[in-house]
Amino acid sequence: MGTQPARIWTREDVLECRSSPRGERGPEGRSGAIAMAEKLAKNFSSDEQDVSSMLLDSENSKEQLIEECEEIWKQVEECHTKLSLQSVETLPDSDLKLSLLTKRFKALSAEFNQWQKREPEIITTNPDVLVELGREQLQKLDHELELVLSTVNAKNKKLKEDFIREQKWLEEQEQLIECLSQTMEKMNNHVVHFSEKRAFQELKAKMLKIKAYKEEILNALGDFLDEHFPLPENSGTAKKKRHSSKEEDVQLISLHEILENLINKLVNTPHDPYLTINDSFWSPYIELLLRYGIALRHPEDPNKIRLENFHQ
């Protein structure tokens, strides 16, 4: 915007003003003074207009820059509103990942085409503003790159740790497979083919051994009982007389026979293991069995006893 340069007063102008006589009443002197005053007023007004025009130019450029920024911000808000009002399409359930990638590719392609068609707009031509904006963008970019670098370093460190752990696990699995392979080879070398006939013979041999061991134990028990718990002597105690009108003699049975009868009763009829006491059972032997917990009385009939369940 063109402005007139300010008037510079010279020494001649000042002398010209002073040379005019104040007290001169003639028309020439008066007219000269008036012309000089008008000239001074005109110069002062032109200087004042120049200063005010410069201030107005600065304010106008600032307001113009603010208006451009507001206009761009309005465009951004309009684009954001349009995007938010767009209807959301429901994606199919099948192959969801492929559908998302396809839509993302279309959106990026459209954005790429728009950026190719669009010409860059410069907000302002002021070099100081452009330098400051460039500096801010570079600082922001530098900060973002530092964040990306730290993230990548952290991921690399984690990946190295995972790799070392997975490699160690792989070595352990390989050692385990090798041990299992060796064990399988040993088992294959010492495998024995199964035979039903052989298994039956082995079971039969075990049963015979068990029966022989049982007979041996029973014989040892009988010898022990015959030695330490014999029948009463014949001199007055060999036979027990039943108190009846006829006073008939009753033959007593040994402790060995009592235990054998109790065992057979428990094995043959486990649902009714009780044995009825008669006169052939010597009462001291019955009391002995009951006292040491070898036999138990029937809860309702005291004349019945059974063998204690030692196998349970």
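Among the residues making up region 291-312, those that are surrounded by 14 or more Cβ atoms within 10 Å (Cβ to Cβ) and under 25 Å from Pro232 (Cβ atoms) are Ile294, Ala295, Leu296, Arg297, Lys304, Ile305, Arg306, Leu307.
Listed here are the residues, each with its yes/no results for (1) within 26 Å of Leu133 (Cα to Cα); (2) at pLDDT below 80.
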position: Asp57; (1), (2): yes, yes
position: Glu71; (1), (2): yes, no
position: Glu77; (1), (2): yes, no
position: Lys82; (1), (2): no, no
position: Ser87; (1), (2): no, yes
position: Leu96; (1), (2): no, no
position: Leu101; (1), (2): no, no
position: Phe105; (1), (2): no, no
position: Glu111; (1), (2): yes, no
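The conditions of being in a loop (DSSP other than H, G, I, E, B) and either modelled with pLDDT under 90 or touching a Pro at 6+ places or on another chain (Cβ under 6 Å) (or both) are not met by Phe200.
The residues of region 287-296 that are closer than 12 Å to Ile258 by Cα and not in a helix (DSSP H, G or I), listed by number, are Ile294, Ala295. Across region 109-137, the qualifying residues are those that are outside any helix (DSSP H, G or I) and among the hydroxyl-bearing types (Ser, Thr, Tyr), and the one among them that is nearest to the chain's Cα centre (by Cα) is Thr124. Can you go through Lys168, Lys103, Lys157, Lys140 and tell me which one is part of a helix (DSSP H, G or I), out of contact with any Ser or Thr (no Cβ under 9 Å at 6 or more places or on another chain) and under 30 Å from Ser61 (Cα atoms)? Going through Lys168, Lys103, Lys157, Lys140 in turn, just one is part of a helix (DSSP H, G or I), out of contact with any Ser or Thr (no Cβ under 9 Å at 6 or more places or on another chain) and under 30 Å from Ser61 (Cα atoms): Lys140. Every test in (1) hydrophobic (A, V, I, L, M, F, W, C); (2) surrounded by 10 or more Cβ atoms within 10 Å (Cβ to Cβ); (3) modelled with pLDDT under 95 is passed by Met187 save one, and that test is (2).
Can Glu260 be described as in a helix (DSSP H, G or I), loosely packed, with under 10 Cβ neighbours inside 10 Å, over 55 Å from the mean Cα position of the chain (by Cα) and modelled with pLDDT under 90? So Glu260 does not fit the description; no. Here is the figure for region 263-281: residues that are buried (at least 16 other Cβ atoms within 10 Å of the Cβ) and closer than 21 Å to Leu218 by Cβ total 5. Considering Pro299, Pro230, Pro284, the condition of being modelled with pLDDT of 90 or more, over 60 Å from the mean Cα position of the chain (by Cα), not polar (S, T, N, Q) and not in a helix (DSSP H, G or I) is satisfied by Pro299 alone. Pairs linking a residue in region 72-91 that is over 19 Å from Thr102 (Cβ atoms) to a residue that is modelled with pLDDT under 75 and not in a helix (DSSP H, G or I), with Cβ atoms under 8 Å and 6 or more positions apart or on different chains, are Ile72/Ile123.
The values are calculated or read from the model by the stated rules, or taken from the named source; none is laboratory data. Quick caveat, the model's predicted, so the values are computed rather than measured. Virtual Cβ from ideal backbone geometry, glycine too; neighbours counted across all protein chains shown.
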